[in-house]
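Single-structure report; data block below.
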4 protein chains.
Amino acid sequence: MNTFTKEVMSVGEMASGAKLTVPVYSFKSKKATGPNVYIQANMHGAEVQGNAVIFQLLELLKNCSLNANITLVPYANPVACNHKNGEYTLGRFDPITGVNWNRMYHFDQSVIEPFVKQNIDAPQEDIKQKFEQLLLDEVDQKLDHNTWGLTTGQRIAYQLQRLAHQADIVLDLHTGPISSKHLYCPEYVKKSAEFFNIEHTIFIPNEFDGAMDEATFCPWWSLQQAFQSLGRNFIMGQGCFKKESFTVELGSQEQIDLEVAKQDAQSILTYLQYQDVIGGEEYQPEKITRYGCYLKDYKALYSPMGGMVDYLAEFGKPLSAGEPLARILRMDNYGDGEALHYVSLQQPVIPILHFASASVNQGTELYKVFCNYFEL
Amino acid sequence: MNTFTKEVMSVGEMASGAKLTVPVYSFKSKKATGPNVYIQANMHGAEVQGNAVIFQLLELLKNCSLNANITLVPYANPVACNHKNGEYTLGRFDPITGVNWNRMYHFDQSVIEPFVKQNIDAPQEDIKQKFEQLLLDEVDQKLDHNTWGLTTGQRIAYQLQRLAHQADIVLDLHTGPISSKHLYCPEYVKKSAEFFNIEHTIFIPNEFDGAMDEATFCPWWSLQQAFQSLGRNFIMGQGCFKKESFTVELGSQEQIDLEVAKQDAQSILTYLQYQDVIGGEEYQPEKITRYGCYLKDYKALYSPMGGMVDYLAEFGKPLSAGEPLARILRMDNYGDGEALHYVSLQQPVIPILHFASASVNQGTELYKVFCNYFEL
Amino acid sequence: MNTFTKEVMSVGEMASGAKLTVPVYSFKSKKATGPNVYIQANMHGAEVQGNAVIFQLLELLKNCSLNANITLVPYANPVACNHKNGEYTLGRFDPITGVNWNRMYHFDQSVIEPFVKQNIDAPQEDIKQKFEQLLLDEVDQKLDHNTWGLTTGQRIAYQLQRLAHQADIVLDLHTGPISSKHLYCPEYVKKSAEFFNIEHTIFIPNEFDGAMDEATFCPWWSLQQAFQSLGRNFIMGQGCFKKESFTVELGSQEQIDLEVAKQDAQSILTYLQYQDVIGGEEYQPEKITRYGCYLKDYKALYSPMGGMVDYLAEFGKPLSAGEPLARILRMDNYGDGEALHYVSLQQPVIPILHFASASVNQGTELYKVFCNYFEL
Amino acid sequence: MNTFTKEVMSVGEMASGAKLTVPVYSFKSKKATGPNVYIQANMHGAEVQGNAVIFQLLELLKNCSLNANITLVPYANPVACNHKNGEYTLGRFDPITGVNWNRMYHFDQSVIEPFVKQNIDAPQEDIKQKFEQLLLDEVDQKLDHNTWGLTTGQRIAYQLQRLAHQADIVLDLHTGPISSKHLYCPEYVKKSAEFFNIEHTIFIPNEFDGAMDEATFCPWWSLQQAFQSLGRNFIMGQGCFKKESFTVELGSQEQIDLEVAKQDAQSILTYLQYQDVIGGEEYQPEKITRYGCYLKDYKALYSPMGGMVDYLAEFGKPLSAGEPLARILRMDNYGDGEALHYVSLQQPVIPILHFASASVNQGTELYKVFCNYFEL
């Protein structure tokens, strides 16, 4: 049976001096032939199901054949996951500043060019090692040598990023509000999406907007492109350039379900087995219809009016143009106006998630949908 | 087809001067042989399904045979139903003061004794009329002649109460957090509970704690008891002393479902037909097993620890002593403590509702359950 | 130099498992001739200045002549003091339930009568000791033997109360929103109010509403009255029946000022010296005009309209009838209505505090004022 | 006496259907020789003093000699200014999404190049008129022809922007949290800063980050640069290219003071008189020492620890290197650690504002300060 170590990482302090800590679980492989893995959960406070998935992963990994190191971090953001407003968890953004907790990771594009020039002829293994160190140094610099300090979210994000940069494969476990399962996958490793038991995948380009997945793959993708522009080619996601990172959306927020978590853990192990992180053939991808779309085609629909929404469209199934997504109740109009307003789109879409509450303002995000989707 | 009138009632002003209004729908009966009815919804901001039920009631009432006047008020509390914090509606209490919106209705017990002394020999019809007027005067006095002003919630509550005091039957439509349907029914009209298509009823005593249902029946129940103590007997809930009020809990908050709302509207019409508010025999109560318990046996279970809850117990079904209600995930204990803690009770209960989120503090209300329940 | 001990008391757990603790500082007196003292601060989250006062008390007490034990508890409620919403601290009530943190202490009036009957002839010292034990047992029972659990706030309150019940003098340090200093003092120890350097005192009756000060003195006051009704007289606040408790309102919330805190610490030491808790004559009450009023005359004025308030009335100074307390800006009315509305009262008052923000809803508490005030 | 017209602009709807409106006041000049002006206030909910300034401006403008049209919009964002959480106004960001209300204005840089190419030889007046129309068309397009809808904040921002784009001078009235007065001024019109009675000015470059001031001047500054790069020179801020916009920070949030507002109105009129918007010589800038710094030197200092802050540094006065800005109380460390931590900087600064509450998390923004400041 594999054993793991457990450490406790300090990530912040509250007004009373209360220290906020995060548990870090690590499996070390003796073989160390496969790519190393980093998995975290609950960066957004209400998105708790990933903690249950990490529970099930820990249970299952004890009995796997480990070819690589795996680090698992539940409760990644204790400020967010402990912040209640009424019965719910106000956890998508810092309650003081409004900044999205998953937009505070660091990547400074300007480090690429000098690095490439300096290492244009270096062996691949050296490049990998040096660039990894450069990314770690960048984060350490931010954490340890900053006259003006860091925001609450940066301090958390950079500490997590320090762990992530030491891995080759990074999985950031999130959920939607009320949502089907879906996956964010970088365009350069489309094939990997087929090894998760998740029906819907969004393929994302090389654009850094502060999220964990981007903070992990954008530096390497950019590095590859920079070398390429100078005539030296690597293939991203292969060999020592295997750097893959995914945001895994596990369903709806505010819920823990340990049975479903076990299925999700198995889905992740299927991908990890494909990547040789674990040995054997126990985990085979489910035969399901997988749909994909590009990030630019993953669209949010904002409510055309204030009101109370009866969400009608089923998740994950193609919806024809003109079919209603929702109807909005407006009792203030009953008797002298339109008490029910139907919302539809003039193109076929696949609804993926909807807003967490029936009550919406004009302009609240109602649905997110796949447009121009395709089968994988 | 019956027609209704629609009025708009001003209930408050926000900092920008924005006026908050509530629509009031009224059907007037030409016959006026039955008891008058008042129905409101959405006093708590997140409990929106009652608005959809009022929508369906309005639709159905157009074609009923009306024996009494019916007043319907959706969106009863616009301050609450418009108050978002993150994606959810922070609507159980005034966001400034924390006071529960449904604890601000008025009843001053001290008016009973002098009234009874003065009217000890009056005819029943006079008593009814005068006492109703007294209750209305009390509320008007509060609304119109108060040097020190009223709280935001009192101003709303008293205006709604002014409408409710003019009716004989009052239905206050609420929901639980994540919940089965259930009914709060005064002990003196137990029979009425059997005409709603609701499986679970809590029978409540003559104790005023500020809620709409209590504010409606406690004055009359207290009046009856005061007359009784002086040797004059009425039977509450009968004849001109028909005064019934219920809190109807329609299921879970933050949701609108117009199909389910139609069933709930039919359930309410079944009760109203039984009370002769509408004629005919169209609506017959469903043959379902109905359970009841007394308010003192409707118990809240508070979480013994902080953590993330996998709610296990099914709503509405008797649960044996010792069977788990929930298991609480504590990843911080994984590896060196108890990562899963099971919660159970040492007596049989019927789970009715649970907390709206998986994430709980030590001391958060986990479940509400029937103890010492019985079949109706 | 006196030394103190420091203990850490666990009062709760958050969803991530984070433990919430409270530091408890204790000075033990060798003489132990005076009444023991308990002082706490920051039960309401935004009311932080009491922590600074405890800092200064600890500094000063090191060099006092101690005649009694003193226990000091800053950060009494870490759930509340760490709860931010935007830049401010949402700390007056439990963010999940809305219940005021200072309304959750325990006192069950029904224990008095049997105790008095059983101890009608007991020596005073025995009565004191046994009744103190009874109160502690009551709280222990709640904390340790409750099938249904405790709310988050009860668990905190009862643990603090366990400390308070072991003292003879209890000071609960609070602040108003934007406020002058004032004191809540039980009616039976009016004289004590003159030993605080605080100009305004509210005298409160023997009515338990869940607050710390009441939870401390109401049991003893009720006990005295019960003995009295059976013909045995004690004088509350004297001899072994010295039980005094105060809520000390230190000014405005959301502020720390260590210089002002030092003055407040000296004010408290003046009272403690008067009570023989500390020896010497170093601390003499300031010669200031002290005003008092009864709790029933400490009135809140609610805003007659929504708008933005220019607070005009100075704190602590008598304001003639008809003089404006505030003017309310209503730009939405500019040009076609009343853009400035003046608020005044038809009786002389002393303004004590006002709302923390210019922006108010109709019905928001604008001011709290003394009516029918008198000089002490 | 000048008269104004008042219109009411609909900017949104809440869940209850409540319509949110904004009053728009307009003075039309018969002469129309000066640059037109647009002034708005209260885009951030807690920043209310600008409404009082607009009140005083309306009062004073009635008796000015008007050379241009002036439009004034108080309560620009009713969603934000009506959103209470506890006693304070949660108004810096959309409570549902966390997005800063003042980062949602529109400017699409890509429109510049084609416009310049097409109008390289056009007369200046034509360029002005056409480009203004282009900016208006862009906003109209967003408002009226968007399949996917707009966010709540975009709908408000774009409607305000439609008014702003019709003016030559734009003033966006804000406040800091607890703050001295200061001014954001584009670098190309430094001279203008000397006509406000405000001691501290931040000079900002041509970078669009979504704020109202940038949304107004960046398009024109970019236009000028694009023409320049093709060899055609205009001078920004002069002639028909007079386009100036400022964010005027009026002091602290959550406060209304009509007397101070009058001074601020006079300060604004001083600038408007300098710009020939109003005639006469009544308003002359105060002789005060004015300090400036560049945006890159306007630095935020984040708290190195959680704790409770005694803010020490005075606003607006140069503070030597090493002098304390604040001391942080950490009672949990009292007795066995550092209970008071002093915060200072290793360079001279001018403190401009500090956080609104004493209670901070590790990483909360403590102060904003001028570095490398200079006298104007």
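Annotations
- Taking trypsin sites (Lys or Arg not before Pro) across region B:112-165, none is in a DSSP loop with at most 10 further Cβ atoms lying within 10 angstrom of its Cβ.
- Overall form of region D:222-275 per C-alpha gyration tensor (a/c, 1.5; a/b vs b/c): oblate
- The string of couplings for region C:361-371 from the Karplus curve (6.51, -1.76, 1.60, θ = phi - 60°) is 7, 4, x, 6, 5, 7, 9, 10, 9, 7, 10 Hz, one whole number per residue in order, with x for Gly and Pro.
- For region D:292-374, the Cβ-based charge dipole about the Cα centre amounts to some 300 debye (Lys, Arg positive; Asp, Glu negative; other atoms uncharged).
- Antiparallel bridges, percent of DSSP beta bridges restricted to the protein assembly as shown (to nearest 5): 65
- In the complete set of protein chains, residue-level accessible area for residue A:260 is approximately 50 Å², probe 1.4 angstrom.
- Amide H to amide H distances under 5 Å link residue C:93 with C:101, where only residues 5 or more positions off or on other chains count and H is placed in the peptide plane.
- Positive-end residue of B:127, B:83, B:65, charge dipole of region B:40-133 with Cβ unit charges: B:83
- Counting only other chain Cβ atoms within 10 Å of each residue's Cβ, the peptide D:7-13 averages 3.
- Region D:1-107: antiparallel DSSP beta bridges as a percent of all, rounded to 5: 80
- Cα shape, region C:36-147, gyration tensor, a/c 1.5 rule: oblate
- Of C:84/C:317; D:84/D:262; B:28/B:181; A:28/C:84, pairs whose Cα-Cα distance is over 32 Å: C:84/C:317; A:28/C:84
- Rel. contact order, % - alpha carbon contacts under 8 angstrom, at least six apart, region C:59-149: 11
- Positive minus negative residues near residue D:89 (Lys, Arg vs Asp, Glu; Cβ under 11 Å): -2
- Amide hydrogen proximity for residue C:364: with H placed 1.01 Å from N in the peptide plane, the residues at 5 or more positions away or on another chain lying under 5 Å are B:152, C:303.
- Spatially proximal lysines relative to residue D:142 (Cα-Cα < 21 Å; intrachain offsets below 8 disregarded): A:296, A:299, A:368, D:19, D:130
- In loop segments of region D:287-376 as defined by DSSP, the trypsin sites (Lys or Arg not before Pro) with at most 10 further C-beta atoms inside 10 Å of their C-beta are D:287.
- A point 7 Å from Cα along Cα→Cβ stands in for residue C:145, and the other copies hold the same point at 5.3, 6.3, 7.8 nm, listed in rising order.
- Cβ neighbours within 10 Å from other chains - mean over B:71-83: 5
- Per-pair calculated FRET efficiency, R0 = 60 Å: residue D:374 and residue C:336 via Cβ, rounded to 0.05: 0.80
- Ranked from shortest, the separations from the 7 Å Cα-to-Cβ label point of residue A:338 to its equivalents in the other copies are 4.0, 5.7, 6.3 nm.
- If you look at the Cα atoms of region A:156-309, you get an Rg and a Dmax of 16.9, 57 Å.
- Histogrammed with a bin width of 5 Å, the alpha carbon distances of region D:47-100 distribute as 4, 15, 22, 18, 13, 11, 8, 6, 3, 0 percent, first bin at zero.
- Extent along the principal axes, Cα only, for region C:103-161: 40, 20, 18 Å, with the longest axis given first.
- Highest-MSF residue in chain D out of D:145, D:44, D:174 [GNM, Cα springs under 10 Å]: D:145
- Histogram of C-alpha separations across the protein assembly as shown, 20 Å bin width, %: 9, 33, 39, 17, 2, 0
- Amide hydrogen proximity for residue C:342: with H placed 1.01 Å from N in the peptide plane, the residues at 5 or more positions away or on another chain lying under 5 Å are C:328.
- Using every pair of distinct Cα positions in region C:62-219, the Kirkwood expression returns a hydrodynamic radius of 17.8 angstrom.
- Size descriptors for region B:240-306: radius of gyration and Dmax over Cα atoms are 16.5, 54 Å.
- Region B:236-359 - convex hull of alpha carbons, volume per residue in Å³: 156
- The magnitude of the dipole of the protein assembly as shown, with charges of +1 and -1 set on the Cβ of Lys/Arg and Asp/Glu and taken from the Cα centre, is near 0 debye.
- Applying 1/(1 + (r/R0)^6) with r as the Cβ-Cβ distance of residue D:118 and residue D:162 and R0 = 22 angstrom yields a FRET efficiency of 0.40.
- The value obtained for region C:148-223, namely the Cα convex hull volume divided by the number of residues, is 122 Å³ per residue.
- Region A:57-69 - phi-based ³J(HN,Hα) in whole Hz, Karplus 6.51/-1.76/1.60, Gly and Pro as x: 4, 4, 4, 6, 5, 4, 10, 8, 8, 8, 9, 7, 7
- Relative contact order [Cα under 8 Å, 6+ residues apart], chain D, whole percent: 17
- Under DSSP loop assignment and at most 16 Cβ neighbours within 10 Å, longest GluC sites (Glu not before Pro)-free interval of chain A: A:1-206
- Taking a quarter of the surface of the Cα convex hull of region C:79-137 gives a mean projected area of 5.9 nm².
- In Hz, Karplus ³J(HN,Hα) per residue of region C:204-209 (6.51, -1.76, 1.60; θ = phi - 60°; x = Gly, Pro): 10, x, 8, 10, 8, 10
- For residue A:30, inter-copy label distances in nm, listed shortest first [label point 7 Å out on the Cα-Cβ vector]: 6.5, 9.4, 9.9
- Within chain D, DSSP assigns beta bridges of which about 65% are antiparallel (rounded to the nearest 5).
- Using just its DSSP H runs of length 4 or more, each adding -39500 (n - 2.57), chain C gives a mean residue ellipticity at 222 nm of -8000 deg cm²/dmol after division by all residues.
- Measuring from the axis that maps chain D onto chain A, the chain D residue with the nearest beta carbon and its rounded distance in angstrom come out as D:98, 2.
- Relative contact order for region D:116-198, counting Cα pairs under 8 Å that sit 6 or more residues apart, in percent: 21
- Rounded Å value of the spacing that divides the Cα centres of region A:66-84 and region C:42-79: 37
- Max mean-square fluctuation residue, GNM over chain B, Cα-Cα springs under 10 Å, options B:63, B:102, B:51: B:63
- Nearest-20 debye value, chain B charge dipole, Cβ charges on Lys, Arg, Asp, Glu: 540
- Under the Debye formula (equal points on every Cα, no solvent term), log10 I(q)/I(0) of chain C at q = 0.07, 0.11 Å⁻¹: -0.33, -0.82
- Whether region A:34-75 is rounded, prolate or oblate, judged on the alpha carbon gyration tensor where a/c under 1.5 counts as rounded: oblate
The values are calculated or read from the model by the stated rules, or taken from the named source; none is laboratory data. Note that this is a predicted model, so its numbers are computed, not measured. Positions of Cβ are generated from backbone atoms using ideal geometry, with glycine treated the same way; all protein chains shown enter the neighbour counts. SASA here: full protein model, heavy atoms, side chains in, ligands and nucleic acids out. Shrake-Rupley method; radii C 1.70, N 1.55, O 1.52, S 1.80 Å.
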